[in-house]
Amino acid sequence: MKKYFLAILAITSTVITGQAQQKKLNQDSLVKESAKTELWEPVPALVSTGKPFTDAPSDAIVLFNGKDLNSWQKADKKPVGWKLDKEGSVTVVKGSGNIETKQGFGSCQLHIEWREPAAIAGASQTRGNSGIFFMSQYELQVLDSYNNPTYVNGQAGSIYKQHIPLVNASKKPGEWQTYDVIFTAPQFYADGSLQTPAYITVLYNGVLVQNHVAIKGHTEWIGTPKYSAHKDKEPLLLQDHGLDGGNPMSYRNIWIREL
Ligand code: MG
């Protein structure tokens, strides 16, 4: 009986080990596939930046003023799991999911401030990764890119896997940084085909890093970006990059002007 039990145990553990190996193989092949769209040069020059502009103009819609997350929800409408901080910022809670605005936006001017934790954890894409997804699908990358080599079309200020920033305007981790963005929504014909692409201009800590570049489609980790027709207005989404290392970064003072 004991022999029989041990044999079953051996078979079960072999099956489990086999499954784990398969899972690892699948993950490895995904990572390999994703590397095909990584660019590692030219490396944008590092520039130092001054004091960022912060105040919302009178006609802006304030999306986050440090007090509450009433303008935000999860895509599944469940409560937002991110943590409000005493100093008027909000910090990503890893694994709690992306958050998005309740209101949809098309073309807009966006101001958003973000800070990477002073204590460095993770490397490359796992060092404070988040992202600002216009219309829930076009990502302006958020990453700690201060002395953190990674593929350059995935560093802070990049349009993820589409456009390398003109320079690296990153401040040190622990310092507040700003993005000021002018985003033009794409247009689609009635049959769903693309009429005009989205365009984006990005000032990073006051420095131009994307100059009216055409977005190539929905942000993709693997493969070529493509457009698929969507509504004229879609939520602005902030990314919880999830489970893979790094440590939580924060946002504050988010305002938007519809264009
Ligand atoms: Mg990201």
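Observations on the structure shown:
- Candidate set: region 232-249, residues that are within 14 Å of S96 (Cα to Cα) and away from the ligand (no atom under 13 Å from the Cβ); chosen: the one modelled with the lowest pLDDT: L243
- For region 142-153, the set of residues classified as surrounded by fewer than 24 Cβ atoms within 10 Å (Cβ to Cβ), within 13 Å of the ligand (Cβ to nearest atom) and under 11 Å from Q125 (Cβ atoms) consists of T150, Y151, listed by residue number.
- Some residue of region 170-177 being under 16 Å from the mean Cα position of the chain (by Cα) and crowded, with 17+ Cβ neighbours inside 10 Å: yes
- Filtering region 74-117 to residues that are in contact with a Pro (Cβ under 8 Å, 6 or more places away or on another chain) and polar (S, T, N, Q) leaves T91, T101, Q103.
- Residues in region 11-59 that are aromatic (F, W, Y) and at pLDDT 90 or above: W40 only.
- One residue from A190, A185, A198 being away from the ligand (no atom under 15 Å from the Cβ), over 21 Å from V43 (Cβ atoms) and free of Cβ contacts under 8 Å to residues at least 24 places away in the same chain: A190
- Filter pass, T91 being under 17 Å from the mean Cα position of the chain (by Cα) and open to solvent by 30 Å² or more (accessible area, probe 1.4 Å): no
- In summary, V181 fulfils each of the numbered conditions (1) part of a strand (DSSP E or B); (2) closer than 18 Å to Q239 by Cβ; (3) touching a Gly at 6+ places or on another chain (Cβ under 8 Å) with the single exception of condition (3).
- Subset of region 208-231 [within 30 Å of G50 (Cα to Cα), within 16 Å of the ligand (Cβ to nearest atom) and not aliphatic (A, V, I, L, M)]: Q210
- From the options I182, I200, I222, residue that is loosely packed, with under 14 Cβ neighbours inside 10 Å, among the aliphatic types (A, V, I, L, M) and under 19 Å from the mean Cα position of the chain (by Cα): I222
- Residue match in region 123-140 (condition: in the same structural domain as L208 (by TED's automatic domain parsing), more than 16 Å from the ligand (Cβ to nearest atom), in a loop (DSSP other than H, G, I, E, B) and more than 15 Å from the chain's Cα centre (by Cα)): no
- A119 fulfils the conditions (1) more than 14 Å from the ligand (Cβ to nearest atom); (2) assigned to a strand (DSSP E or B) except for a single criterion, (2).
- D76 touching a residue at least 60 places away in the same chain (Cβ under 8 Å), in a loop (DSSP other than H, G, I, E, B), in the same structural domain as T150 (by TED's automatic domain parsing) and open to solvent by less than 100 Å² (accessible area, probe 1.4 Å): no
The values are calculated or read from the model by the stated rules, or taken from the named source; none is laboratory data. All of these numbers come straight from a predicted model, not from anything done at the bench. With ideal geometry, Cβ positions are generated from the backbone for all residues, glycine too; neighbour counts draw on all protein chains shown. Heavy atoms of the whole protein, side chains included, go into the accessibility calculation; ligands, DNA and RNA do not. Shrake-Rupley method; radii C 1.70, N 1.55, O 1.52, S 1.80 Å.
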